[in-house]
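Beneath this line is the structure, given in C-alpha coordinates, with notes to follow.
The values are calculated or read from the model by the stated rules, or taken from the named source; none is laboratory data. Everything numeric here is computed off the predicted structure, so don't read it as measured data. Here the Cβ positions follow ideal geometry from the backbone for every residue, glycine too, while neighbour counts run over all protein chains shown. Protein only, heavy atoms only, side chains kept; ligands, DNA and RNA dropped before computing areas. Shrake-Rupley method; radii C 1.70, N 1.55, O 1.52, S 1.80 Å.
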Amino acid sequence: MNIPLLLQLREAGGEFVPVESLGASQNRTLADLEELLEFGFSIEQHPYLGAAYRGPATRLCPDQIEHRLGTRRVGRRVAVWNRVGSTNDLAARAAASTANEGLVVLAEEQSAGRGRRGRTWSARAGSSILMSVLLFPVGSLDEPSWLTAMGAVAVSEVVSEWTGRRAAIKWPNDVRVNGRKVAGILVERAAGSVIGIGLNANSTQDDFPADLRETATSLRLLLGSPVDRSELARDLIQSLDAHYDESIREGAEALSAAWRDRSEHLGSLVRITTPTGTIEGRLVDLSLTAGLELREGDGRTVILSARHVHSIVTATELTPP
Ligand code: BTN
(Lines give C-alpha, C1' and ligand atoms only; values in the text may rest on other atoms or scores of the structure.)
Protein backbone atom coordinates (compact mmCIF):
# COMPACT_ATOMS: atom_id res chain seq x y z
CA MET A 1 0.00 0.00 0.00
CA ASN A 2 1.25 3.48 -0.83
CA ILE A 3 1.64 4.89 2.69
CA PRO A 4 3.66 7.99 1.62
CA LEU A 5 0.65 8.93 -0.51
CA LEU A 6 -1.64 8.46 2.49
CA LEU A 7 0.63 10.62 4.64
CA GLN A 8 0.83 13.33 1.99
CA LEU A 9 -2.96 13.51 1.94
CA ARG A 10 -3.20 13.49 5.72
CA GLU A 11 -0.67 16.30 6.03
CA ALA A 12 -2.85 18.44 3.78
CA GLY A 13 -5.26 18.55 6.72
CA GLY A 14 -8.43 17.75 4.81
CA GLU A 15 -7.72 20.06 1.85
CA PHE A 16 -7.96 18.62 -1.66
CA VAL A 17 -4.60 17.81 -3.25
CA PRO A 18 -4.46 17.69 -7.09
CA VAL A 19 -3.72 14.18 -8.39
CA GLU A 20 -0.77 15.59 -10.43
CA SER A 21 1.03 16.59 -7.26
CA LEU A 22 0.51 13.18 -5.63
CA GLY A 23 2.89 11.27 -7.92
CA ALA A 24 4.65 11.19 -11.27
CA SER A 25 2.14 8.84 -12.90
CA GLN A 26 -1.53 9.80 -12.60
CA ASN A 27 -2.66 6.27 -13.43
CA ARG A 28 -0.43 4.84 -10.72
CA THR A 29 -1.69 7.42 -8.20
CA LEU A 30 -5.32 6.68 -9.04
CA ALA A 31 -4.69 2.94 -8.61
CA ASP A 32 -2.97 3.56 -5.26
CA LEU A 33 -5.84 5.76 -4.10
CA GLU A 34 -8.24 2.98 -5.06
CA GLU A 35 -6.24 0.53 -2.96
CA LEU A 36 -6.34 2.85 0.06
CA LEU A 37 -10.10 3.29 -0.39
CA GLU A 38 -10.62 -0.45 -0.71
CA PHE A 39 -8.71 -1.02 2.51
CA GLY A 40 -11.08 1.35 4.26
CA PHE A 41 -9.34 4.74 4.46
CA SER A 42 -11.76 7.58 4.09
CA ILE A 43 -10.62 9.64 1.09
CA GLU A 44 -12.83 11.97 -0.91
CA GLN A 45 -12.13 12.18 -4.62
CA HIS A 46 -13.14 15.05 -6.88
CA PRO A 47 -12.85 15.08 -10.70
CA TYR A 48 -11.00 18.44 -10.76
CA LEU A 49 -9.81 19.11 -7.23
CA GLY A 50 -8.07 15.76 -6.60
CA ALA A 51 -8.21 13.85 -3.33
CA ALA A 52 -8.73 14.82 0.31
CA TYR A 53 -8.07 12.81 3.49
CA ARG A 54 -11.20 12.33 5.56
CA GLY A 55 -10.14 9.81 8.17
CA PRO A 56 -8.35 6.58 9.10
CA ALA A 57 -9.41 3.07 8.17
CA THR A 58 -11.63 1.52 10.78
CA ARG A 59 -9.41 -1.59 10.83
CA LEU A 60 -5.75 -1.74 11.77
CA CYS A 61 -3.45 -1.22 8.80
CA PRO A 62 -0.20 -3.26 9.02
CA ASP A 63 1.53 -1.16 6.34
CA GLN A 64 0.72 2.06 8.17
CA ILE A 65 1.97 0.62 11.47
CA GLU A 66 5.25 -0.62 9.97
CA HIS A 67 5.98 2.32 7.68
CA ARG A 68 9.32 3.80 8.79
CA LEU A 69 8.81 2.35 12.25
CA GLY A 70 12.54 2.62 12.94
CA THR A 71 12.61 0.38 16.03
CA ARG A 72 15.48 -1.94 16.98
CA ARG A 73 13.57 -4.88 18.44
CA VAL A 74 9.91 -4.30 19.25
CA GLY A 75 7.97 -4.43 16.00
CA ARG A 76 10.64 -6.17 13.94
CA ARG A 77 7.67 -8.23 12.85
CA VAL A 78 4.06 -7.14 13.16
CA ALA A 79 1.17 -9.59 12.73
CA VAL A 80 -2.37 -8.23 12.60
CA TRP A 81 -5.22 -10.68 13.07
CA ASN A 82 -8.93 -10.22 12.72
CA ARG A 83 -10.08 -12.56 15.47
CA VAL A 84 -7.97 -14.69 17.82
CA GLY A 85 -8.41 -16.42 21.17
CA SER A 86 -5.80 -14.33 22.96
CA THR A 87 -2.95 -12.38 21.36
CA ASN A 88 -0.79 -13.49 24.31
CA ASP A 89 -1.23 -17.11 23.20
CA LEU A 90 -0.12 -16.34 19.66
CA ALA A 91 2.96 -14.50 20.87
CA ALA A 92 3.74 -17.35 23.29
CA ARG A 93 3.52 -19.86 20.45
CA ALA A 94 6.08 -17.84 18.48
CA ALA A 95 8.48 -18.06 21.44
CA ALA A 96 9.64 -21.44 20.08
CA SER A 97 12.12 -19.42 18.01
CA THR A 98 14.26 -16.60 19.39
CA ALA A 99 14.27 -15.18 15.84
CA ASN A 100 10.79 -13.93 16.73
CA GLU A 101 12.07 -11.52 19.36
CA GLY A 102 10.18 -8.26 19.07
CA LEU A 103 7.17 -9.85 17.35
CA VAL A 104 4.06 -7.75 17.88
CA VAL A 105 0.72 -9.51 17.61
CA LEU A 106 -2.33 -7.31 17.22
CA ALA A 107 -5.95 -8.37 16.88
CA GLU A 108 -9.23 -6.63 16.17
CA GLU A 109 -11.01 -9.02 18.49
CA GLN A 110 -10.27 -11.70 21.09
CA SER A 111 -12.64 -14.52 21.93
CA ALA A 112 -10.72 -15.47 25.09
CA GLY A 113 -8.90 -12.29 26.16
CA ARG A 114 -7.30 -12.61 29.58
CA GLY A 115 -6.83 -10.09 32.34
CA ARG A 116 -4.92 -10.43 35.59
CA ARG A 117 -5.96 -12.84 38.31
CA GLY A 118 -7.93 -15.10 36.00
CA ARG A 119 -10.25 -12.32 34.87
CA THR A 120 -11.43 -12.04 31.29
CA TRP A 121 -10.60 -9.02 29.12
CA SER A 122 -13.34 -8.15 26.69
CA ALA A 123 -13.38 -5.43 24.07
CA ARG A 124 -15.78 -4.77 21.19
CA ALA A 125 -14.26 -5.83 17.87
CA GLY A 126 -12.25 -2.97 16.38
CA SER A 127 -12.52 -0.78 19.46
CA SER A 128 -9.18 -1.31 21.16
CA ILE A 129 -5.49 -1.96 20.93
CA LEU A 130 -5.12 -5.65 21.81
CA MET A 131 -1.40 -6.20 21.57
CA SER A 132 1.18 -8.74 22.67
CA VAL A 133 4.92 -8.32 22.39
CA LEU A 134 7.35 -11.23 22.52
CA LEU A 135 10.74 -10.57 24.09
CA PHE A 136 13.66 -12.64 25.31
CA PRO A 137 15.02 -10.47 28.10
CA VAL A 138 18.00 -11.47 30.17
CA GLY A 139 19.16 -10.71 33.71
CA SER A 140 17.13 -8.24 35.73
CA LEU A 141 14.95 -7.31 32.72
CA ASP A 142 13.64 -10.88 32.72
CA GLU A 143 11.31 -10.22 35.63
CA PRO A 144 7.52 -10.04 35.23
CA SER A 145 7.30 -7.02 37.55
CA TRP A 146 9.90 -5.15 35.48
CA LEU A 147 8.25 -6.04 32.17
CA THR A 148 4.86 -5.01 33.56
CA ALA A 149 6.36 -1.68 34.60
CA MET A 150 7.85 -1.18 31.15
CA GLY A 151 4.49 -1.86 29.50
CA ALA A 152 2.73 0.49 31.90
CA VAL A 153 5.29 3.29 31.43
CA ALA A 154 5.10 3.04 27.63
CA VAL A 155 1.30 3.01 27.60
CA SER A 156 0.99 5.89 30.07
CA GLU A 157 3.42 8.02 28.06
CA VAL A 158 1.50 7.44 24.84
CA VAL A 159 -1.85 8.08 26.52
CA SER A 160 -0.51 11.33 27.99
CA GLU A 161 0.82 12.45 24.61
CA TRP A 162 -2.46 11.69 22.88
CA THR A 163 -4.78 13.17 25.48
CA GLY A 164 -2.68 15.94 27.01
CA ARG A 165 -3.66 14.55 30.42
CA ARG A 166 -1.67 12.83 33.11
CA ALA A 167 -1.91 9.07 32.76
CA ALA A 168 -0.81 7.39 35.97
CA ILE A 169 0.15 3.83 36.86
CA LYS A 170 -1.91 2.12 39.52
CA TRP A 171 0.08 -0.77 40.87
CA PRO A 172 0.95 -3.01 39.25
CA ASN A 173 -0.54 -2.89 35.80
CA ASP A 174 -3.36 -0.39 35.39
CA VAL A 175 -2.99 2.86 33.50
CA ARG A 176 -5.55 5.40 34.61
CA VAL A 177 -6.62 8.92 33.70
CA ASN A 178 -8.52 10.83 36.38
CA GLY A 179 -8.85 7.57 38.31
CA ARG A 180 -10.44 5.71 35.39
CA LYS A 181 -8.74 2.71 33.84
CA VAL A 182 -7.74 3.19 30.21
CA ALA A 183 -5.38 0.21 29.85
CA GLY A 184 -4.14 -2.95 31.54
CA ILE A 185 -0.98 -5.02 31.15
CA LEU A 186 -0.67 -8.79 31.49
CA VAL A 187 2.83 -10.27 31.40
CA GLU A 188 3.02 -14.02 30.88
CA ARG A 189 5.98 -16.34 30.54
CA ALA A 190 6.42 -18.84 27.75
CA ALA A 191 9.75 -19.87 26.25
CA GLY A 192 10.17 -16.08 26.21
CA SER A 193 8.25 -13.29 27.92
CA VAL A 194 5.00 -11.90 26.56
CA ILE A 195 3.78 -8.41 27.40
CA GLY A 196 0.05 -8.20 26.71
CA ILE A 197 -1.54 -4.77 26.49
CA GLY A 198 -5.22 -3.93 26.32
CA LEU A 199 -5.74 -0.23 25.62
CA ASN A 200 -9.24 1.22 25.32
CA ALA A 201 -8.93 3.34 22.20
CA ASN A 202 -12.31 3.88 20.54
CA SER A 203 -14.52 2.25 23.16
CA THR A 204 -17.76 4.03 24.02
CA GLN A 205 -19.50 3.93 27.41
CA ASP A 206 -21.79 1.18 26.10
CA ASP A 207 -18.82 -1.00 25.20
CA PHE A 208 -17.89 -1.42 28.86
CA PRO A 209 -19.68 -4.00 31.01
CA ALA A 210 -22.18 -2.29 33.36
CA ASP A 211 -19.98 -2.84 36.43
CA LEU A 212 -17.02 -1.05 34.80
CA ARG A 213 -18.82 1.95 33.34
CA GLU A 214 -17.97 4.21 36.27
CA THR A 215 -14.34 3.16 36.44
CA ALA A 216 -13.22 2.71 32.82
CA THR A 217 -12.46 5.18 30.06
CA SER A 218 -11.00 5.29 26.55
CA LEU A 219 -9.04 7.73 24.40
CA ARG A 220 -12.19 8.40 22.43
CA LEU A 221 -14.13 9.29 25.58
CA LEU A 222 -11.28 11.48 26.82
CA LEU A 223 -10.84 13.30 23.50
CA GLY A 224 -14.45 13.42 22.36
CA SER A 225 -13.64 11.84 18.98
CA PRO A 226 -12.31 8.52 17.63
CA VAL A 227 -8.58 7.98 17.21
CA ASP A 228 -6.47 6.40 14.47
CA ARG A 229 -5.65 3.04 16.07
CA SER A 230 -2.88 2.20 13.60
CA GLU A 231 -1.11 5.42 14.52
CA LEU A 232 -1.68 4.68 18.20
CA ALA A 233 -0.27 1.14 17.87
CA ARG A 234 2.74 2.58 16.06
CA ASP A 235 3.44 5.09 18.85
CA LEU A 236 3.08 2.37 21.44
CA ILE A 237 5.53 0.05 19.64
CA GLN A 238 8.05 2.90 19.37
CA SER A 239 7.70 3.80 23.04
CA LEU A 240 8.10 0.16 24.14
CA ASP A 241 11.15 -0.22 21.95
CA ALA A 242 12.76 2.98 23.22
CA HIS A 243 12.40 1.91 26.87
CA TYR A 244 13.52 -1.65 26.18
CA ASP A 245 16.53 -0.52 24.22
CA GLU A 246 17.58 2.02 26.85
CA SER A 247 17.25 -0.60 29.60
CA ILE A 248 19.31 -3.15 27.67
CA ARG A 249 22.07 -0.57 27.37
CA GLU A 250 21.84 0.98 30.85
CA GLY A 251 20.19 -1.66 33.03
CA ALA A 252 16.78 -2.20 34.66
CA GLU A 253 17.11 0.92 36.83
CA ALA A 254 16.97 3.14 33.72
CA LEU A 255 13.19 2.74 33.72
CA SER A 256 12.75 3.70 37.37
CA ALA A 257 12.59 7.49 36.95
CA ALA A 258 9.74 7.32 34.43
CA TRP A 259 8.01 4.65 36.49
CA ARG A 260 8.30 6.69 39.70
CA ASP A 261 7.03 9.86 37.99
CA ARG A 262 3.98 8.04 36.70
CA SER A 263 3.09 6.25 39.95
CA GLU A 264 -0.34 7.02 41.33
CA HIS A 265 0.80 6.06 44.81
CA LEU A 266 4.05 7.94 45.39
CA GLY A 267 3.77 10.25 48.42
CA SER A 268 0.40 8.80 49.46
CA LEU A 269 -0.70 6.78 52.45
CA VAL A 270 -1.00 3.23 51.20
CA ARG A 271 -1.82 -0.31 52.24
CA ILE A 272 0.52 -2.82 50.63
CA THR A 273 -0.25 -6.52 50.40
CA THR A 274 2.68 -8.94 50.26
CA PRO A 275 2.80 -12.76 50.46
CA THR A 276 3.34 -12.43 54.23
CA GLY A 277 0.61 -9.89 55.08
CA THR A 278 -0.35 -6.23 54.79
CA ILE A 279 1.57 -3.16 55.81
CA GLU A 280 0.48 0.50 55.91
CA GLY A 281 2.41 3.72 55.65
CA ARG A 282 3.44 6.52 53.34
CA LEU A 283 5.11 5.47 50.09
CA VAL A 284 8.16 7.72 49.99
CA ASP A 285 10.09 6.21 47.09
CA LEU A 286 9.87 3.63 44.34
CA SER A 287 12.64 1.97 42.42
CA LEU A 288 12.48 -1.08 40.20
CA THR A 289 15.76 -2.36 41.57
CA ALA A 290 15.97 -0.93 45.12
CA GLY A 291 12.28 -1.59 45.88
CA LEU A 292 9.49 0.39 47.52
CA GLU A 293 10.29 2.56 50.50
CA LEU A 294 7.47 2.83 53.00
CA ARG A 295 7.43 5.11 56.08
CA GLU A 296 5.27 3.58 58.81
CA GLY A 297 3.25 5.58 61.36
CA ASP A 298 5.99 5.25 63.98
CA GLY A 299 8.58 6.69 61.59
CA ARG A 300 10.25 3.36 60.78
CA THR A 301 11.23 2.80 57.15
CA VAL A 302 10.50 -0.50 55.42
CA ILE A 303 11.90 -1.54 52.03
CA LEU A 304 9.84 -3.97 49.97
CA SER A 305 11.02 -5.69 46.81
CA ALA A 306 8.78 -4.81 43.84
CA ARG A 307 8.42 -8.47 42.95
CA HIS A 308 6.91 -9.29 46.38
CA VAL A 309 4.20 -6.64 46.26
CA HIS A 310 0.82 -8.05 45.32
CA SER A 311 -1.27 -4.90 45.53
CA ILE A 312 -1.18 -1.28 46.65
CA VAL A 313 -4.26 0.61 47.74
CA THR A 314 -4.03 4.35 48.35
CA ALA A 315 -5.71 6.05 51.33
CA THR A 316 -8.54 7.55 49.24
CA GLU A 317 -9.54 4.02 48.22
CA LEU A 318 -9.16 2.42 51.65
CA THR A 319 -12.47 1.56 53.26
CA PRO A 320 -12.60 2.73 56.89
CA PRO A 321 -12.43 -0.14 59.45
C1 BTN B 1 -5.60 -6.46 33.22
O2 BTN B 1 -5.76 -5.26 33.43
O3 BTN B 1 -6.15 -7.32 33.93
C4 BTN B 1 -4.70 -6.87 32.09
C5 BTN B 1 -5.42 -6.90 30.78
C6 BTN B 1 -4.56 -7.32 29.62
C7 BTN B 1 -5.36 -7.50 28.35
C8 BTN B 1 -4.50 -7.75 27.15
S9 BTN B 1 -5.39 -7.60 25.64
C10 BTN B 1 -4.04 -8.22 24.75
C11 BTN B 1 -3.45 -9.34 25.58
N12 BTN B 1 -4.13 -10.58 25.31
C13 BTN B 1 -4.80 -11.03 26.37
O14 BTN B 1 -5.47 -12.08 26.40
N15 BTN B 1 -4.65 -10.20 27.39
C16 BTN B 1 -3.80 -9.08 27.05
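Assorted remarks:
- Global geometry of the range 61-136, whether rounded, prolate or oblate, following the gyration tensor of its Cα atoms and the 1.5 cut on a/c: oblate
- L223-R300 FRET efficiency (beta carbon distance; Förster radius 51 Å; 0.05 resolution): 0.70
- With a cut-off of 13 Å between beta carbons, the residues surrounding S42 carry a summed charge of 0, where Lys and Arg count +1 and Asp and Glu -1.
- Average accessible surface area per residue within the chain, 1.4 Å rolling probe, Å²: 46
- Most mobile of V158, V133, V309 in a GNM of the chain (Cα contacts under 10 Å): V309
- Fully extending the segment from H310 to R59, taken as 0.36 nm per residue of separation minus the present Cα-Cα distance, adds 86.7 nm.
- Compared with the dominant principal axis of the Cα atoms in the chain, helix 229-250 is inclined by about 50°.
- Simple label model, 7 Å out from Cα along Cβ direction - A96 to I248, nm: 2.4
- FRET efficiency, 1/(1 + (r/R0)^6) with R0 30 Å, evaluated for L69 and E34 via beta carbons: 0.75
- DSSP-defined beta bridges in the range 1-148 - what % are antiparallel, rounded to 5: 65
- A quarter of the convex hull surface defined by the alpha-carbon atoms of the chain gives 18.5 nm² as the mean projection.
- Angle in degrees between helix 26-39 and the longest Cα principal axis of the chain, rounded to the nearest 10: 40
- Over the range 132-201, relative contact order from alpha-carbon pairs under 8 Å, at least 6 apart, %: 34
- Gain in span if fully extended, V138 to A125, counting 0.36 nm per residue against the direct Cα distance: 1.2 nm
- On Cα atoms only, tilt of 144-163 relative to the major axis of the chain in degrees: 50
- Largest mean-square fluctuation among Q45, Q64, Q238, in a Gaussian network model of the chain whose springs join Cα atoms under 10 Å apart, belongs to Q45.
- Ratio of the Cα radius of gyration of the range 1-73 to 2.2 N^0.38 Å, where N counts its residues: 1.10
- Cβ-Cβ FRET estimate between M1 and N82, R0 fixed at 22 Å, reported to 0.05: 0.80
- Result for the chain in a Gaussian network model with C-alpha springs under 10 Å: among G281, G297, G118, the largest mean-square fluctuation is at G118.
- On the chain, 48 percent of the accessible area sits on carbon and sulfur atoms, based on a 1.4 Å probe.
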